[in-house]
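Written below as structure tokens is the structure these notes are about.
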Amino acid sequence: MDYKKEKMDELLNAQINAQNVNTVDKEFKDLMKSLFAHIKEISADMRKAFGKTVNEFKLQMENKIAQVREQLKGGKDAGEYIDLTLSKPILKYGAMHPLNRIYKRFESYYINNGFNVVSGPEIELDKYNCEMLNMPAHHPARGMQDTFYLEFPNKILRSHTSAMQIRYMLKHKPPVKIISPGIVYRVDDLDPQHTPMFFQLEGLVVGENITFSDLKGTIMNCVQNVFGKDIKARFVPCYYPYTEPSAGIDITCPVCGGKKCRTCKHSGWIRVGGCGMVHPNVFRNVGYPENIQGFAFGYGMSKFPQIEYKLPELRILHDNNIKVFKQLH
């Protein structure tokens, strides 16, 4: 009888989980059969105490096993369970999308340099996407955005993630240091270099004594961190309504190293984004004090995998062709 008592204690103290619940249940039922068969061997004066101990053991074990089964219960019928002790099928694992792989390198750089990552709605209000970014109604710059309107004139598919900069500044006092990645939409014809939906990464830094030199250092350090020390960046005068002064961001062509090739249209440089010092009107719209300065920047992330993997068309990134993606790894 001693070995049965040891087995009872062993089962009561066992950690029952998805992997061993069936095994423990079988051992429990086998032991109960043995215990009930042993009752006739117990003397009359000990039989009552023995029966009480066995019943208490039975109740505790049934409760423990029932709790685990309840957690594993699946399907509509009460009797259906996920049996995790069965052999699992051989699963073929996928791989990270080329666009996400490159984005993660940018994200890692900015997080390591103290930036917070923020996200927001793709269906946006016009006042966040345009008006508060120094683009009031009938402003000529609105034509640059080629916006999809869902409920004219208020709701749109966001044309940039700069709207998140407004949302963030309305809720947070300076200093601010954020990046806002996400999908954006513009009325572009579908061709080898353009799609009406693409991935963008924008950033914002706000505080006292922020200068254009800080902006240049941030961009150049990021580019060299992501693509290597041999890649350089240059800043070309440009126009954006929400920054002043503004600049386009060019980097030396990663394909030819600046030696001029078909990818860079024989210029040695590729335009990958834009940047500038935040326009004072934007700070006024969010209620920031006059002594605050800041810079903003944005990258068209879809261009980077097209360059790095020498893709003939931008559309390949959105086709979800697994055979093509496998070749890129």
Have a look at S213, S159 and point out the one that is in contact with a Lys or Arg (Cβ under 9 Å, 6 or more places away or on another chain) and of a type in the set (S, T, Y). S159
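Considering only residues that are touching a residue at least 12 places away in the same chain (Cβ under 8 Å) and either surrounded by 12 or more Cβ atoms within 10 Å (Cβ to Cβ) or assigned to a helix (DSSP H, G or I) (or both), which ones fall in the stretch 1-19?
Step one: filter the stretch 1-19 for residues touching a residue at least 12 places away in the same chain (Cβ under 8 Å), giving 1, 4, 7-8, 11-12, 16-19.
The answer is K4, K7, M8, L11, L12, I16, N17, A18.
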Just give me the residues in the stretch 221-278 being modelled with pLDDT under 90, polar (S, T, N, Q) and closer than 23 Å to N113 by Cβ, in sequence order. T252
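Residues are listed down the side, and each one gets a yes or a no for (1) in a helix (DSSP H, G or I); (2) in contact with a Ser or Thr (Cβ under 9 Å, 6 or more places away or on another chain); (3) outside the structural domain of V282 (by TED's automatic domain parsing):
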| residue | (1), (2), (3) |
| --- | --- |
| G114 | no, no, no |
| E124 | no, yes, no |
| H138 | no, no, no |
| I166 | yes, no, no |
| M169 | yes, no, no |
Kindly indicate which of T161, T218 is assigned to a loop (DSSP other than H, G, I, E, B) and in contact (Cβ under 8 Å) with a residue 12 or more places away in the chain. T161
Confirm whether N134 is in contact with a His (Cβ under 7 Å, 6 or more places away or on another chain), assigned by TED's automatic domain parsing to the domain that holds L170 and closer than 20 Å to R167 by Cα. yes
When the residues of the stretch 25-61 are narrowed to those that are surrounded by 12 or more Cβ atoms within 10 Å (Cβ to Cβ) and either among the aromatic types (F, W, Y) or over 59 Å from the mean Cα position of the chain (by Cα) (or both), which ends up farthest from K4 (Cα to Cα)? R47
On the given criteria, is P121 at pLDDT 80 or above, within 16 Å of E202 (Cβ to Cβ) and under 26 Å from the mean Cα position of the chain (by Cα)? yes
Boolean, P175 is over 25 Å from Q306 (Cα atoms) and either loosely packed, with under 13 Cβ neighbours inside 10 Å or out of contact with any helix residue (DSSP H, G or I) (no Cβ under 9 Å at 6 or more places or on another chain) (or both): yes
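The values are calculated or read from the model by the stated rules, or taken from the named source; none is laboratory data. Predicted model, so just to flag it, every value in this text is computed and none were measured. FYI the Cβ positions are ideal-geometry reconstructions off the backbone, even for glycines, and counts take in every protein chain you see.
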